[in-house]
1. Find which of Q218, F344, T108 sits farthest along the positive direction of the dipole of the chain, computed with +1 on the beta-carbon of Lys and Arg, -1 on that of Asp and Glu, about the Cα centre.
2. Loop only by DSSP, 14 or fewer other Cβ within 10 Å of the Cβ. Give me the trypsin sites (Lys or Arg not before Pro) in the stretch 100-185 that pass, ordered by residue number.
3. Given a cut-off of under 8 Å on Cα pairs at least six residues apart, what relative contact order in percent is computed for the chain?
4. Give me the dipole magnitude in Debye, nearest 20, for the stretch 16-249 about the Cα centre, with unit charges on the beta carbon: positive for Lys and Arg, negative for Asp and Glu.
5. Hey, got the dipole for the stretch 88-133? About the Cα centre, +1 on K and R Cβ, -1 on D and E Cβ, debye to the nearest 20?
6. Using only Cα atoms, what Kirkwood radius does the stretch 269-373 have, in angstroms?
7. So which aspartates and glutamates can K154 reach, going by Cα to Cα under 13 Å and dropping same-chain residues fewer than 8 places off?
8. Under 21 Å between alpha carbons: how many lysine pairs meet that in the stretch 252-372, if sequence neighbours fewer than 8 apart on the same chain are excluded?
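Read-outs throughout are calculated quantities, based only on the coordinates presented, and are distinct from any laboratory measurement. Just so we're clear, the structure is a prediction, and the values are computed from it rather than from any experiment. All Cβ positions, glycine included, derive from the backbone under ideal geometry; neighbour counts span all protein chains shown.
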Amino acid sequence: MNPKIWLSSPHMSGNEQSYIKEAFDTNWIAPLGPNVTGFENDIKGYLGEETFVSALSSGTAALHLALILLDVKVGDEVICQSKTFSASANPIVYLGATPVFVDSERETWNICPIQLEIAIKDRIDKGNKPKAIIAVHLYGMPYNVDKVMEIALKYNIPVVEDSAEALGSQYNGKKCGTFGDLSILSFNGNKIITTSGGGALVTKSLKDKDKAVFLATQARDNAPHYLHSNIGYNYRMSNILAGIGRGQMTVLDNHVAKRRSNYQFYSDAFENNRNITFLNEPKGYFSNRWLSCILLSSKSIREDLRLALDKVNIESRPLWKPMHQQPIFKNSPSYINGVSDELFDKGLCLPSGSNLSDAELERVFKTINKFFN
Ligand SMILES: *Cc1c(COP(=O)(O)O)cnc(C)c1O
């Protein structure tokens, strides 16, 4: 049996263990400590000085806190891109609010500005103005930031930027993770850098950061005893995991370059294959190409190809199944144009890790080529 080729597996730099060793040597094992502050500063330095970063236990926790900071409550509605991972939408429900799903545009596969405005107008007509818009840079491709911002400003609705898959991506020369009123990152095991599990909330003010950290550390009021006037959460990142993050930040740009070169390999290799199409970067867009995705001509071909890859121990995966198609969200309002359904039917994510060897890429290429011949 051929060794397994994974979709996207963790890729350590070798620098991580020195930060972890330091934490052990100073017995700074408990949550918080120098690695947490160091990791936050590394991300802030990467994104730009106008940001404030809180390292948290996951991207999902960051989304949950973002919605709390925006005062989302029971009975509220929050707009969410339908084509995404369920973690983008679940925190809406944690708060007793209702997700309102909006379909994708073809240009980026992300939230469609036309459907977004239709949804906002209709929700306002129905008497429940959305409290927030969650927009996602799927697979590292930025959403149309200018148009989404324009609509958000027109209706005065804050944007939560789900940049879990897009650390290292850019839009018109600016880094993803800086575009939302609040933005989130993920360092889960399959992401572009990983702390094994972790995430971050990016805010525009120190006040928002302080509030997020307060809520993430059990909302302890300032007193010698344990005093609480808010419901708190245990969402802070540990000093050990932040050490992994510091090591990973030293190779983030390498990971982006390698993932982009994986994408280039596939798009060159299949340039003349009429059965396969790719999502090009529109002008001004720079994707980290977290996952290399292809579109096939039909659902059955996509599934046959997935099975052919699986048979030779190569992992691939259909694109995200849209939230409006998920059983758990079947009663949520949704504004649909058919794009995300079609992408789900025809799309496949290919092995994309920054640790893929040339021989592994070649094996994927040969398997797909054989399938079509
Ligand atoms: C991974 C991911 C999340 C959740 O991040 P976790 O760190 O796994 O909680 C949220 N949104 C998107 C789009 C993701 O890909």
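1. F344
2. Values: sites: R106, K121, R123, K126, K131, K147, K154, K174, K175; in loops: R106, K126, K131.
Counting only loop positions with at most 14 other Cβ atoms within 10 Å, the trypsin sites (Lys or Arg not before Pro) in the stretch 100-185 are R106, K126.
3. Numbers: 806 pairs, mean separation 94.3, N = 373.
25 percent.
4. Details: 22 positive and 25 negative charges, 45 e Å.
It works out to roughly 220 debye.
5. Working: 6 positive and 6 negative charges, 50 e Å.
With Lys and Arg at +1 and Asp and Glu at -1, about 240 debye.
6. On the way: mean 1/r = 0.0655 Å⁻¹.
Answer for the stretch 269-373: a Kirkwood hydrodynamic radius of 15.3 Å.
7. Those aspartates and glutamates meeting the cut-off are E117, D146.
8. Counting lysine pairs in the stretch 252-372 gives 12.
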